[in-house]
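In what follows, a structure is listed as C-alpha cells, so that the remarks can point back to it.
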Amino acid sequence: MSPLLLFLLVAGVGAVGWLAARARAATFAAAGPGKVRLHSVPTYHGWYVALWAVLPALIFLVAWQVAEPALVAGAALHSPAAAELPADAMNRAAVLQEARDIAAGHIQGGFNPLSTRLAPAFASAAQRYSIMGAVLALLLAFAGGAYAFVRIRPELRARTRVERLVMLLLLVASLIAILTTAGIVFSLLAESVRFFARVSPIEFLTGLQWSPQTAMRADQAGSSGAFGAIPLFWGTIFIGAIIAMIVAIPLGLMSAIYLTQYAHPTARKWLKPALEVLAGVPTVVYGYFAALTVAPMVRQWGEAMGIASSSESALAAGGVMGIMIIPFVSSMADDSLAAVPQSMRDGSLALGATTSETIAKVLVPAALPGIVGGILLAVSRAIGETMIVVMAAGLAANLTANPFASVTTVTAQIVQLLTGDQEFDSAKTLAAFALGLVLFVITLLLNIVALRVVKKYREAYE
Amino acid sequence: MTMMANDMSMSTAEASAEPKLRAAGVSVWYGPKKAIDDVSIEVDRENVTAFIGPSGCGKSTFLRTLNRMNDTIASARVEGLIELDGEDIYGKDMDVVQLRARVGMVFQKPNPFPKSIFENVAYGPRIHGLAAGRDELDEIVERSLKRAGLWEEVKDRLPESGTALSGGQQQRLCIARAIAVDPEVILMDEPCSALDPIATAKIEELIHELRGRYAIVIVTHNMQQAARISQRTAFFHLGELVEYGETSEIFTNPKVERTKDYITGRYG
C-alpha cells in the first residue's frame, strides 16, 4: 500500500471522526430539558476527535517509514540465501542494495547473482511489513478517534485542548527553522574542523597570501597552496562595507528623508514601491549589469585618470551592490523616522526651526539607532552577497585599496572553490567551509548588534 | 472671587491698547470638512486669553492657525485675516520661521527632545543665532529655566536627558524652551491635560508669573482652570466662536444661551 493512499485513509478516518464528534456534541446541546451548556462549541469537539485520530497515526507512519527498511533487511537476512553473503561490509552492502532494488522493481537484474536470489526474500518481507504498517496505522487512527469520541461530554474542555495542540504545532514549526540553522552551523563546523586540521587557523586568519591550488596527484606540478584569507576578508569589507555603503548610506538615507518628510502623499505612494522594486531585482541581474555595463565604464574612467584598472573592479561590484541595498537602508530609515513622534517635529517647528533643521537636529538624532541598525543589517546583507561579486569583482586575491583594481571576496571564492568536480578531502575544497563559517559568524554578529541597537531604540519612545 | 475682580479691573484698563493678535473672518478646512467657521477675535497684549469649549469644537485648530502650525497638515486650508501687530501672518512677506520665533507654542503632551536639558533650551537660540558665544548661551538657558520656574530643580543636572524629567518638569522645560527664543506670544494647547494636580498648579502659577511679559493664549477643556488663570475667555462650539469677553463676565453672566448651558455643565 502506497504511503499516499495510507495517508488519505488516515485523513479519511479523521474526517469521519470530525463529523461524528461534531454531530454528537451538537446532540448534547440540543437534547434535554435541562438545557446542557457545552463547554466548547461542537466544532472543537470535532477537531478534538479528528486530531486524536490523525496525529498519532501520522507520527507512527513517519516513524514506520524510517524503521521499515531496517526491518525488511533484518527479515531478508534470515533467508537461506543470506548465508552466502560476503563478509566484508562494502560488498555485503552492495549486494543487499541490489537485492532491494530488484525487489522494488527499480532494476531488472543484479550484477551479482546472489542478489537475484536474495530478491524474493526482500520482496516478501517488504510486502509483509508494508501491510503490517498500514494495518497498524489504521488501527491507531481508529483507536485514537474512538478514545477521544467516547470522552465527548458537555463539560469536556475540547477548546482548551485543541488550542493547546495548535500552540504545540506552531512551536514545532518554529523549532524546525531553528534546528535547520543549528544543522547548518554544525555541518559548517564539522567541515571547518577538517580544514583546520590541515591548515592552521592562525595562518588562515592572518596570512596575506591566498592561492588555494593544491596538487591533486603526487606527480602533478602544482603548489601546495596558500590559505591566508586576509585578502578575501579585505576584499569583502572593501566591496560590501566600504564602497557599497558609500553608495547606499547617503542615497538610502536621503531618499528616506525625502519620502517621509517632503514628498507629497501621492508622490510617496508611487516612489516608495518603485524604490522597493530595487530589492526585488534578482541579484544575478545586478551581476550582469555590473559586469557588462558598469565595469567597462569604470575601467574607462580609471584609464582616463591614469589609474591602473582592470576589467573587473571593486568599484563596479561595490557600486552596483550599493544600489541593490538602498532599499534596505531606506526602508529601515523610513520606519525609524516615521516612528519619531509627530510631537517632536511639531516642537521643533514651533520654535521656528526649518524643515531641514528639524530633520538634521531632531529627527535624525532621534531615529539614529534605528538608522544604524538598518545600516548594519544592510552591511551583513552586502558581505553575504554573492552573484554580483562573482560576476563583477574578479577572482584575483589582491590586497589593494585601489577601487579600480580587481579584488575578490569570501563568497566569490567559495563559489570558485566548490564549482565543478571536487574532491572533498583536499584543503582547497574544505577551505570553502572555513570561509563560510567565518562569514556566518561575522554576519551573525552584525545581525545581533543591529537587532540590539534597533530594540534599544524602540524602547526609547514606549 | 475678589482677586478675580481685581484682575478684571486691571485687564479692562489694558484692553484699550492695540491688540497683539487680531483675527477677522477666519475659517479653516481639513479637506472638505470645515473645522472653524468665520471666527473674529482680538487677543490682548498683557492678558491671558483662554479658549474653552467641548472636545472637537475647534479651539486647538484655531490656536494652531495663530502660528501657522496648521501648515504642517497637508489637507488644512485657512481663509480670512490674522494679524500680529497689524502684520498679516498669512501674507506674502511673512516668513513662517520668523513668525514661529515670535509666536511660541507649548503642546498638550510634554514633548522635550531626546537631548540634554541644556540642549533642549539651547535649541531655539542656536537655530536663530541668538547667542554670540557659549557664555551668552549659558545665560539664556539659565534665564529661561528661571522664568519657567525649573532652574532650582535642574541646575545641577543640565547634561541629563530632558526625557528623564517628570511630566510636570518636562512641560516646564518645554515652556522654558519656548521662552528661550524670546517670543512675543506664547500659545498653550491644553498644557496641563497630561499632568497631575500638583504639576498643574505649578504650571498655572507659572502662567500667572509670565503674564504681562508675553501675551498668552491657552486652550483648556478645564473651565475652573480658565476661570483661575485667564482674564479673557472665548467659548468655542462646533467650530464657531460663540462668545468672547471678560472671564468673570463669561463665567458669571454669559449672554448666549449655549455658553450658559456649557458653563453650567448641561453638555460638554
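Table for the structure above
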| quantity | calculated |
| --- | --- |
| Chain A, helix-only ellipticity at 222 nm - DSSP H runs n ≥ 4, -39,500 (n - 2.57), divided by all residues, nearest 500 | -24000 deg cm²/dmol |
| Mean Cα-pair separation over length for chain A, i.e. relative contact order, pairs under 8 Å, 6 or more apart, % | 15 percent |
| Karplus 3J(HN,Hα) series, Hz, for the stretch A:275-292 with 6.51 cos²θ - 1.76 cosθ + 1.60 (x for Gly, Pro) | 5, 6, 4, 3, 6, x, 5, x, 5, 5, 5, 4, x, 6, 4, 5, 6, 9 |
| Nearest 10 degrees, 0 to 90: helix A:42-77 Cα axis against chain A principal axis | 80 degrees |
| Interchain or long-range residues, amide H under 5 Å from residue B:108's placed H | B:189 |
| Cβ-derived FRET efficiency at R0 60 Å, residue A:97 paired with residue A:300, nearest 0.05 | 0.50 |
| Exposed-site-free run, longest, chain A (rule: trypsin sites (Lys or Arg not before Pro); DSSP loop; at most 10 other C-beta within 10 Å) | A:218-462 |
| Over the protein assembly as shown, equivalent-ellipsoid semi-axes from the Cα gyration tensor in Å | 73, 44, 21 |
| HN-Hα J in Hz across the stretch B:75-91 - Karplus 6.51, -1.76, 1.60, θ = phi - 60°, x for Gly and Pro | 8, 7, 9, 10, 10, x, 10, 10, 10, 10, 6, x, 9, 5, 6, 9, x |
| Distant-in-sequence amide H partners of residue B:240 (H built 1.01 Å from N, under 5 Å) | B:37 |
| Förster radius 51 Å - calculated FRET efficiency between residue B:30 and residue A:386 (Cβ-Cβ, nearest 0.05) | 0.50 |
| Descending semi-axes in whole angstrom, ellipsoid equivalent of the stretch A:3-156, from the Cα gyration tensor | 50, 12, 10 |
| Convex hull of Cα atoms in the stretch A:328-462, direction-averaged projection (nm²) | 11.1 nm² |
| In degrees, nearest ten, helix A:295-304 long axis to first principal axis of chain A (Cα) | 20 degrees |
| Karplus (6.51, -1.76, 1.60) ³J(HN,Hα), θ = phi - 60°, over the stretch A:205-210, in Hz, Gly and Pro reported as x | 8, 10, x, 9, 10, 10 |
| With eigenvalues of the C-alpha gyration tensor scaled by 5 and rooted, the stretch A:226-457, Å | 37, 20, 15 |
| Amide H contacts under 5 Å for residue B:27, placed H, 5+ residues apart | B:38, B:39, B:79, B:80 |
| Order by protection proxy (mean Cβ within 10 Å, highest first), peptides A:316-328, B:37-49, A:386-398 | A:316-328, A:386-398, B:37-49 |
| Mean residue ellipticity (222 nm) of chain B, computed from DSSP H runs ≥ 4 via -39,500 (n - 2.57), nearest 500 | -11000 deg cm²/dmol |
| Helix B:117-128 vs. chain B, principal-axis angle (Cα, 0 to 90°, nearest 10) | 80 degrees |
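The numbers here are math on the coordinates, done by the rules we state, and not lab data. Note that the coordinates shown come from a computational prediction; the quantities given were computed from them, not determined experimentally. No Cβ is skipped: glycine too gets one built from the backbone with ideal geometry, and neighbour counts run over all protein chains shown.
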